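The structure appears below as structure tokens.
The values are calculated or read from the model by the stated rules, or taken from the named source; none is laboratory data. Because the structure is a prediction, the values reported are computed rather than measured. Cβ coordinates were reconstructed from backbone atoms using ideal geometry, including for glycine residues, and neighbour counts include every protein chain displayed. SASA here: full protein model, heavy atoms, side chains in, ligands and nucleic acids out. Shrake-Rupley method; radii C 1.70, N 1.55, O 1.52, S 1.80 Å.
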Amino acid sequence: MSISNERSACRWRERVAYSVAVFVVMALGLGSRAFADMLPVFVAEHFGDALWACMIYFGFRTFYAHKKISFALWWSLAFCFAIEGSQLYQADWINYLRATTMGALVLGKGFLTADLVRYTAGVAVSSLLDLAWPRRKHS
């Protein structure tokens, strides 16, 4: 197999792994909301937003597996912060979207400074896990 084909196959495997991570984290995040009354208060209050940021990070890694981890870290943070900042905008049309289940999951409902800390923690943990994940070295 040529080096180019080997790199392409490796990126494909990485993209599949990141896609799986997106769905695993999504399930954990939805579970943290659905079962909040059974979880410790700290977990119920903070993990949903941190897991949402993890999902965003792994989403960036899915599409940009060829880029450095720092690329996904900074763009994920920028995306999460932009979504949180957009919650300061309260027009009727966007509030209508936010009132739907999918709109609330994607856009949130109201601006909270604490969410910025949660997003930062989620992206940081995701990038550290990504750094620690064993990779096959290219020759």
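Over the chain, give the accessible area per residue in Å² for a 1.4 Å probe, as an integer.
Heavy-atom accessible area per residue stands at 65 Å².
Given the DSSP H assignment, sum -39500 (n - 2.57) over each helix run of at least 4 residues in the chain and divide by its residue total; what's the result at 222 nm in deg cm²/dmol, nearest 500?
Result for the chain, helices only: -26000 deg cm²/dmol.
State the answer as a single residue: which of S8, I56, I83 lies farthest towards the positive end of the charge dipole of the chain, with beta carbon charges of +1 for Lys and Arg and -1 for Asp and Glu, about the Cα centre.
Result: S8.
How high is the relative contact order of the chain, given as a whole-number percent (alpha carbon pairs under 8 Å, six or more residues apart)?
After rounding, I find 27 percent.
Over the chain, with every protein chain in place, what whole percent of the accessible area is carbon and sulfur at 1.4 Å, could you tell me?
Accessible surface attributable to carbon and sulfur in the chain totals 72 percent.
How would you order 51-59, 113-121 from highest to lowest mean count of nearby Cβ atoms within 10 Å?
51-59, 113-121
Given a Förster distance of 35 Å, report the FRET efficiency between V106 and F42 from their Cβ-Cβ distance, rounded to the nearest 0.05.
The value I calculate is 0.90.
Starting from the Cα-Cα distance between S8 and F81, subtract it from 0.36 nm times their residue separation and give me the gain in nm to one decimal.
That pair, S8 and F81, stretches by 23.1 nm at full extension.
Within the chain, which complete DSSP H helices have Cα atoms spanning at least 27 Å along the helix axis and a mean Kyte-Doolittle hydropathy of -1.0 or higher?
Helices meeting the span and hydropathy rule in the chain are 3-34, 41-63, 113-132.
For the range 28-139, what is the convex hull volume of its Cα atoms per residue in Å³?
It comes to 114 Å³ per residue, whole-number rounded.
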